[in-house]
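First up is the structure itself, then whatever we jot down about it.
The values are calculated or read from the model by the stated rules, or taken from the named source; none is laboratory data. Only a predicted model underlies this, so the values are computations on that prediction, with no experimental measurement involved. Cβ: placed from backbone, ideal geometry, glycine included. Neighbour counts: every protein chain shown.
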Amino acid sequence: MALEVFGDRWSLLVVRDLMVRGFRTFKDFLGSGEGVASNILADRLQKLQSAGIIISEPEEYDGRRVNYRLTERGIDLAPVMLDLLIWGARHELSDPSCALLVRMEKNREEILAETRRRWENRDTTPLIPQFDAELARNVATKSR
């Protein structure tokens with residue numbers, strides 16, 4: 001089942017964005033800068049729900065809106081996701097945001113503990129605001 005769910009980059013990006021960037025809505029994922037088509041995104045969200053990695057919940061203040069959230073099974077992917085981010089960063093050292101990720105390796109346990117704490121408290125602020133800001137700048141620069 002893992003290969004079926006994670007055999008494409010979009011599923012990994014959804015999990016990353018839930019875990020690291022604090023994304024919660026379809027609109028958040030669609031506007032992430034990676035260029036996923038809405039039909040592909042809808043399919044991946046459904047597959048991740050079917051696999052028990054994420055759940056969808058109605059927005060507390062507007063029941064018409066849906067928020068996505070990692071399940072216990074999904075948050076258990078944090079060590080794997082962190083390792084993938086660090087591995088990728090090691091091979092992209094020309095990108096300034098990657099240097100931050102490599103430095104994160106030294107604080108691995110603290111980062112994983114903070115990731116779980118934020119998940120338990122439903123804290124949607126980005127785990128690594130600098131990473132998010134650098135990523136946004138890189139996307140903007142590449143689109144020019």
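Structural remarks
- Sole exception among (1) under 14 Å from the mean Cα position of the chain (by Cα); (2) modelled with pLDDT of 95 or more for Ser56, by number: (1)
- Given (1) β-branched (Val, Ile, Thr); (2) over 25 Å from Arg116 (Cα atoms); (3) not in a helix (DSSP H, G or I), index of the condition Ile40 fails: (3)
- Residues in the stretch 45-65 that are touching a helix residue (DSSP H, G or I) at 6+ places or on another chain (Cβ under 7 Å) and either assigned to a helix (DSSP H, G or I) or aliphatic (A, V, I, L, M) (or both): 7 in all.
- Among the residues listed as Arg69, Arg24, the single one being of a type in the set (Lys, Arg), outside any helix (DSSP H, G or I), touching an Asp or Glu at 6+ places or on another chain (Cβ under 7 Å) and surrounded by 13 or more Cβ atoms within 10 Å (Cβ to Cβ): Arg69
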